[in-house]
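Contents: one structure, followed by commentary.
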Amino acid sequence: MTRPSRPLWDKGQAALDVAAQRFCAGDDVLLDRALLPHDLRASRAHVAGLARIGVLSDHESAQLIAGLDELADLVARGAFILDDRFEDGHSAIEHFLGERLGDIGRKVHTGRSRNDQVLVAMRLYLRDQLAALADRCLDLAAACLARADATTELAMPGYTHLQRAVPTSFAALLAGHAEAQLDDVEVARAAARSLDACPLGTAAGHGVNLPLDRDGVARELGFSRVQVSPVNAQNSRGKHELLAVQALHQALLDLRRLAWDLSLFATAEFGFVRLPDAYTTGSSIMPNKRNPDVVELLRALPALAEGAMVELSALLSLPSGYHRDLQASKAPTLRAFERGLAGLALAPALVASLELDPARMRAAIDPALHATDRAIELATAGIPFRDAYQQVAAELHSSLTGRSPEHSLHARVSLGGAGNLGLDRLHARLQALRGD
């Protein structure tokens, strides 16, 4: 394919400053590699819509759709890669069609702008990424529940302030992480519903003098509704990206909590778990070291999303309409999702392959951890709880010996406690969210 001689917008009336054009293009052509399949899909729907209103003949529409399908196939096979021959993905599509189809190819842009073209491509991308986010969270929840099912009798200390507090089970800890991920599925899907509106047909923010079949195009692309106002369509750029990254951030915060727990429990000071070798590295100088690099990098992921959120928020301080500033919304969004989803994808296998040390966990439950149980027992026998609390505190080291951690687990029968984890409810919710 030849290199385009001029940008799409060039009117042939002024010399182009190469450095200025390179600055304006930035990394768009590289970033658009992730958006190009979505851009092609939207272009196909746009062409079909133009044919329905008579702007394109059936022959022209068929030719353009065949050309778009050819390019989509080349992209999928890695036979066409965006590079610095092009200003961006949009120019690559138009140039490809122009070379293949001549004047027919140059009709593809009728009735649209690069503004609504990138809006719809990003919207389709975000819809897929949020669906993938929900799937990753479901996978991690399932992995946590599977290990919880097998560890309901595995006693360990429950902590507050990083201090040993009461007996609990490893299953109770995992159930908490599972439920958090199920909550994150709901957040991801709520964000997806918010941006499930098709902006294609709004052009540069003021509509066009054509009776575009916007409803038909929206249906073809799988949107539940049309984003009606062209002004709102332009003003939503960056805002929907921010919302999607915020949903990602919620899941990554919960992933960080899990990673922190594993980091602590894998230390020699705790020794409750051993990370699988595939998730650790060695030291370049200390032959004895097993470093939890994967877990530590999982802990860092929320920072990446937070950085993206700051970048996106800063771009939204603009008046209505399109501004080139908004080009800068692509990089943080794509970066956050690429890295965040990759990290989430690692977590289920990590949970499934953890090596546990039941003896070490049980040994960490010293008699004092039964104090709360004893105080509640006295209260249920009729002693005011505050008096029972004081009595147990005074007898802390003499009245709590001989108690069993397993007895404490079984006695915690309030829903969610170690003796009544409600795993069946969490499994039911998981299945409902999966659509099983």
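The values are calculated or read from the model by the stated rules, or taken from the named source; none is laboratory data. No experiment lies behind these values; they were computed from the predicted model shown. Heads up, the Cβs are rebuilt from the backbone with ideal geometry, glycines too, and the neighbour counts pull from every protein chain shown. Keep in mind that these areas ignore ligands, DNA and RNA; they rest on the heavy atoms of the full protein, side chains included. Shrake-Rupley method; radii C 1.70, N 1.55, O 1.52, S 1.80 Å.
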Exercise for the section: Determine the calculated [θ] at 222 nm for the chain from helices alone, applying -39500 (n - 2.57) to every DSSP H run no shorter than 4 residues and normalising by the residue count; nearest 500 deg cm²/dmol. Expected result: -19500 deg cm²/dmol
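Compute and list, largest first, the equivalent-ellipsoid semi-axes of segment 227-359 from the alpha carbon gyration tensor, each √(5λ) rounded to a whole angstrom.
Working: eigenvalues 326, 40, 22 Å².
The equivalent ellipsoid of segment 227-359 has semi-axes of 40, 14, 11 Å.
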Completion exercise
So, relative contact order of segment 13-164 in percent, Cα under 8 Å, 6 or more apart, is 26
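Can you tell me the accessible area per residue over the chain, all protein chains present, probe 1.4 angstrom, in square angstrom? The partial results should precede the final answer.
Numbers: 20500 Å² over 436 residues.
Here the per-residue accessible area is 47 Å².
Grab the Cα-Cα distance for Ser313 and Thr380, subtract it from 0.36 nm times how many residues apart they are, and report the gain in nm with one decimal.
Working: separation 67, 0.36 × 67 = 24.12 nm, distance 5.36 nm.
The Ser313-Thr380 span can extend by a further 18.8 nm.
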Completion exercise
Expected vector for segment 366-376, Karplus 3J(HN,Hα) from phi with 6.51, -1.76, 1.60 and θ = phi - 60°, integer Hz, x for Gly and Pro, equals 7, x, 4, 5, 8, 4, 5, 4, 5, 5, 5
Practice task
Please give, to one decimal in nm, the separation of the simple spin-label points placed at Asn291 and Ala131, each 7 Å out from Cα toward the Cβ.
Solution key: 3.9
Exercise for the section: Could you pull out every one of the aspartates and glutamates with an alpha carbon less than 18 Å from that of Lys239, ignoring same-chain neighbours closer than 8 positions? Expected result: Asp116, Asp128, Asp196, Glu306, Glu311, Asp325
Exercise for the section: Return the Cα extents of segment 290-349 along principal axes one, two and three, sorted largest first, each rounded to a whole Å. Expected result: 52, 15, 13
Completion exercise
So, with points 7 Å from each Cα along the Cβ direction, the Ala204-Ala268 label distance in nm works out to 6.8
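Express the C-alpha Rg of segment 323-401 as a ratio against the empirical globular expectation 2.2 N^0.38 Å, rounded to two decimals. Write down the numbers at each step before the final one.
Values: Rg = 25.9 Å, N = 79, 2.2 N^0.38 = 11.6 Å.
Rg over 2.2 N^0.38 Å, computed on Cα atoms: 2.24.
Please give the contour-minus-distance gain from Thr372 to Glu186: 0.36 nm per residue of separation, less the Cα-Cα distance, rounded to one decimal in nm. Let's see the in-between values first.
Numbers: separation 186, 0.36 × 186 = 66.96 nm, distance 3.51 nm.
In short, 63.4 nm is gained.
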Practice task
Would you pull out the residues with amide H under 5 Å of Ser169's amide H, same chain only if 5 or more places away, H placed 1.01 Å from N?
Solution key: Met156
Exercise for the section: With a cut-off of 18 Å, note down the residues of segment 320-341 whose backbone N falls inside the zone around a label point 7 Å from the Cα of Ala300 toward its beta carbon. Expected result: 332, 335-341
Fill in the blank from the handout: Excluding residues fewer than 8 positions from Lys107 in its own chain, the aspartates and glutamates with Cα under 14 Å of it are Asp58, Glu60, Glu94, Glu99
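Once the Cβ-Cβ distance between Arg362 and Gln391 is put in as r, and R0 is 30 Å, what FRET efficiency do you end up with, to the nearest 0.05? List each step's numbers first, then the result.
On the way: r = 27 Å, r/R0 = 0.90.
For R0 = 30 Å, the calculated efficiency reads 0.65.
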Completion exercise
So, with points 7 Å from each Cα along the Cβ direction, the Ala352-Asp69 label distance in nm works out to 3.8
Practice task
Just check segment 133-190 against the gyration tensor rule for me: Cα atoms, a ≥ b ≥ c as the square roots of the eigenvalues, rounded for a/c under 1.5, and otherwise prolate or oblate depending on whether a/b exceeds b/c.
Solution key: oblate
Exercise for the section: Using a 1.4 angstrom probe on heavy atoms only, work out the carbon and sulfur share of the accessible area of the chain in %. Expected result: 54
Practice task
Take each of the peptides 427-435, 81-89, 195-203, average the number of other beta-carbon atoms within 10 Å over its residues, and list them starting from the highest.
Solution key: 195-203, 81-89, 427-435
Exercise for the section: Report the residue, chosen from Leu124, Leu415, Leu369, that carries the largest GNM mean-square fluctuation when the chain is represented by alpha-carbon nodes joined by springs under 10 Å. Expected result: Leu415
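For the chain, what value does the Rg/Rh ratio take when both radii are computed over Cα atoms and Rh is the Kirkwood radius, given to two decimals?
Rg divided by Rh gives 1.13.
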Fill in the blank from the handout: Checking Pro167, Pro230, Pro276 against a Gaussian network model of the chain (alpha-carbon springs below 10 Å), the top fluctuating residue turns out to be Pro276
